[in-house]
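**Student:** Pasting a structure here, questions to come.
The values are calculated or read from the model by the stated rules, or taken from the named source; none is laboratory data. Remember, predicted model here, so these are calculated numbers, not experimental data. Cβ sites come from the backbone with ideal geometry, for glycine too, and all protein chains shown count toward neighbours.
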Amino acid sequence: MFVRNAWYIAAVEDELGTQPLARKILGEDIVLWRKSDGMPAAIEDRCCHRNLPLSLGRLEGDHIRCGYHGFLFDSKGVVIEIPGQSTIPEKAFVKTYPVVERWKWVWIWLGDAALADPAKIPNMFWADHPEWKFTKCMPVPLACNYHLVCDNVLDATHLTYVHPTTIGAMSLVEFDPVIKQTEESLRVERWILDRPPPPSYKKAGGFPGNVDRFACIEYWTPNVCVNYGNNYDAGCGGTDGDPSKSAHKVELVALSIPTPETETTCHYFFAFARTFGFDDPQVEEFFSRGMVTVFEEDFPILQAQQKRISAYPGATQVDTRNDVGVNRARRMLQRKLDMEQSETRAAAE
């Protein structure tokens, strides 16, 4: 089951152009396109005549024409033309969805449209802030439940074993996390003091020696993970340190926002933001390609996990002290699900 009254990323802004885009989200088939005024549109990807996916049709201005018998739909999902007849049946329409373009992504709302407040879209200010360089990536289809991605990001100790040659370090398991929680968000943070920098951060920051590393993940229900990866010269970080005194530094944010496709598949949207190397093509290459390679190291792990979960439903899982953040995030999500279902039942009575 999914939280439906929430904004999910449907597409990267660049994906919407002159062709319809088909995407399954929360189990629903949707077609998206960009209208002549530049605004996005999203309706059910199904012609109400004979059920052909509208994404197999063509765009005509602001409208989309079915490729089977030529029904023409407007951006609200209403049929406005039927070849060969002038009358249009009252039931000639399909579902439409609220969509908003913000932070380089197109966001969609699949719940109660009356609750689709754009102010509730997560704040990804890094995408437009002049002091940050934002690198967005195309979505990756993954054969795993979307929250396995969130679990993976929330437990930084996996970096030691999955990413040993890039951003991993044995020191991650030496320091206990500090957990901070609100009604809608969770923060898992560690200061890893006076340890060798991971290979990728050493290269990016040019660190001559050990570093103080701030590894912090914020989780916002139902599916947004913000990973802060800051590294400073040893002695400049920590709760009592002064990072401004560090001669070398790496300050970056990795955004992981998996959109559910089905219970066992998702669209993995991610991006990076940094405060350095704006005009350095090598640094940009590292984030547009190198960091994508780092993320790709997770994909076989997540998909193999899902295969075993599907094969052994209900199998016992053993938790460790490092699973505190993951377990709290899961409970937060369950509370949100329970609340939404309760409100839906109450409205139906």
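**Student:** Check whether at least one residue in the range 244-261 is of a type outside the set (D, E) and in a helix (DSSP H, G or I), and report yes or no.
**Tutor:** Of all residues in the range 244-261, those of a type outside the set (D, E) come to 244-250, 252-260.
In the following step, the residues that additionally are in a helix (DSSP H, G or I) were identified as 244-245.
Checked the range 244-261: at least one residue is of a type outside the set (D, E) and in a helix (DSSP H, G or I).
**Student:** Here is a follow-up. Which pairs have Cβ atoms under 9 Å, sit 6 or more apart or on different chains, and link a residue in the range 131-144 that is β-branched (V, I, T) to one that is in a strand (DSSP E or B)?
**Tutor:** From residues that are β-branched (V, I, T), the pairs are T135/A271; T135/F272; T135/A273; T135/R274; V140/H267; V140/Y268; V140/F269; V140/F270.
**Student:** In the range 146-194, which residue that is among the charged types (D, E, K, R) and at pLDDT 90 or above is surrounded by the fewest Cβ atoms within 10 Å (Cβ to Cβ)?
**Tutor:** Initially, the range 146-194 is screened for residues among the charged types (D, E, K, R), giving 151, 155, 174, 176, 180, 183-184, 187, 189-190, 194.
Retained after the next criterion (residues that are at pLDDT 90 or above): 151, 180, 187, 189, 194.
Working: D151: 20, K180: 12, R187: 17, E189: 16, D194: 15.
Of everything passing the filter in the range 146-194, K180 is surrounded by the fewest Cβ atoms within 10 Å (Cβ to Cβ).
**Student:** Of everything in the range 215-234 that's part of a loop (DSSP other than H, G, I, E, B) and touching an Asp or Glu at 6+ places or on another chain (Cβ under 7 Å), which residue is nearest to F175 (Cα to Cα)? Spell out the reasoning first.
**Tutor:** Filtering the range 215-234 down to residues part of a loop (DSSP other than H, G, I, E, B) leaves 221-223, 234.
Then drop every residue that is not touching an Asp or Glu at 6+ places or on another chain (Cβ under 7 Å), which leaves 221, 234.
On the way: T221: 26, A234: 16 Å.
Per the criteria, the residue is A234.
**Student:** Hey, another quick one. Among the residues of the range 50-68, how many are part of a loop (DSSP other than H, G, I, E, B) and surrounded by fewer than 20 Cβ atoms within 10 Å (Cβ to Cβ)?
**Tutor:** If we filter the range 50-68 for residues that are part of a loop (DSSP other than H, G, I, E, B), which is where we start, we get 50-53, 57, 61-62, 66-68.
After this cut, where a residue has to be surrounded by fewer than 20 Cβ atoms within 10 Å (Cβ to Cβ) as well, the list is 50-53, 61-62, 67-68.
Residues that pass the stated criteria total 8.
**Student:** Just name the residue that is nearest to Y228 (Cα to Cα) out of those in the range 114-129 that are among the aliphatic types (A, V, I, L, M), out of contact with any strand residue (DSSP E or B) (no Cβ under 6 Å at 6 or more places or on another chain) and surrounded by 12 or more Cβ atoms within 10 Å (Cβ to Cβ).
**Tutor:** Step one: list which residues in the range 114-129 are among the aliphatic types (A, V, I, L, M), which gives 114-116, 119, 121, 124, 127.
Next cut, out of contact with any strand residue (DSSP E or B) (no Cβ under 6 Å at 6 or more places or on another chain) only: 114-115, 119, 124.
Restricting the remaining residues to those that are surrounded by 12 or more Cβ atoms within 10 Å (Cβ to Cβ) gives 115, 124.
Working: L115: 31, M124: 13 Å.
Looking at the filtered set, the residue picked out is M124.
**Student:** Could you figure out which of (1) within 21 Å of the chain's Cα centre (by Cα); (2) among the hydrophobic types (A, V, I, L, M, F, W, C); (3) within 23 Å of T221 (Cα to Cα); (4) in a helix (DSSP H, G or I) isn't true of A273?
**Tutor:** Evaluating A273 over (1) within 21 Å of the chain's Cα centre (by Cα); (2) among the hydrophobic types (A, V, I, L, M, F, W, C); (3) within 23 Å of T221 (Cα to Cα); (4) in a helix (DSSP H, G or I) leaves (4) as the failure.
**Student:** What about F270, is it out of contact with any His (no Cβ under 6 Å at 6 or more places or on another chain), crowded, with 21+ Cβ neighbours inside 10 Å and not assigned by TED's automatic domain parsing to the domain that holds E28? If you could, list the steps in order and put the result at the bottom.
**Tutor:** Values: out of contact with any His (no Cβ under 6 Å at 6 or more places or on another chain): yes; crowded, with 21+ Cβ neighbours inside 10 Å: yes; not assigned by TED's automatic domain parsing to the domain that holds E28: yes.
Criteria met by F270.
**Student:** Being at pLDDT 90 or above, closer than 18 Å to V153 by Cα and of a type in the set (D, E, K, R) is the filter here; which residues of the range 312-349 pass it?
**Tutor:** D319, D323, R328, R330, R331
**Student:** Here's something else I'd like to know. Condition first: closer than 24 Å to E174 by Cβ, touching a residue at least 24 places away in the same chain (Cβ under 8 Å) and not charged (D, E, K, R). Now tell me which residues in the range 301-324 satisfy that.
**Tutor:** I301, N322, V324
**Student:** Determine whether L337 is within 26 Å of D29 (Cβ to Cβ) and aliphatic (A, V, I, L, M). Even if it seems obvious, please write down each step before you answer.
**Tutor:** On the way: within 26 Å of D29 (Cβ to Cβ): yes; aliphatic (A, V, I, L, M): yes.
Spelling it out, L337 is indeed within 26 Å of D29 (Cβ to Cβ) and aliphatic (A, V, I, L, M).
**Student:** Looking only at strands (runs of 3 or more DSSP E) that lie completely in the range 131-214, which have at least 3 residues being farther than 28 Å from F2 by Cβ? Don't jump to the end; show me each part of the working.
**Tutor:** Values: elements: 133-136, 140-142, 178-181, 185-195.
By residue number, 185-195.
**Student:** Just the residues that are outside any strand (DSSP E or B) and aliphatic (A, V, I, L, M), please, taken from the range 74-127. Show your work before the answer.
**Tutor:** First pass over the range 74-127, keeping only residues outside any strand (DSSP E or B): 74-77, 83-84, 86-92, 94-95, 97-98, 103-104, 110-127.
If the condition is that a residue be outside any strand (DSSP E or B) and aliphatic (A, V, I, L, M), then I88, A92, V94, L110, A113, A114, L115, A116, A119, I121, M124, A127 are the ones that fit.
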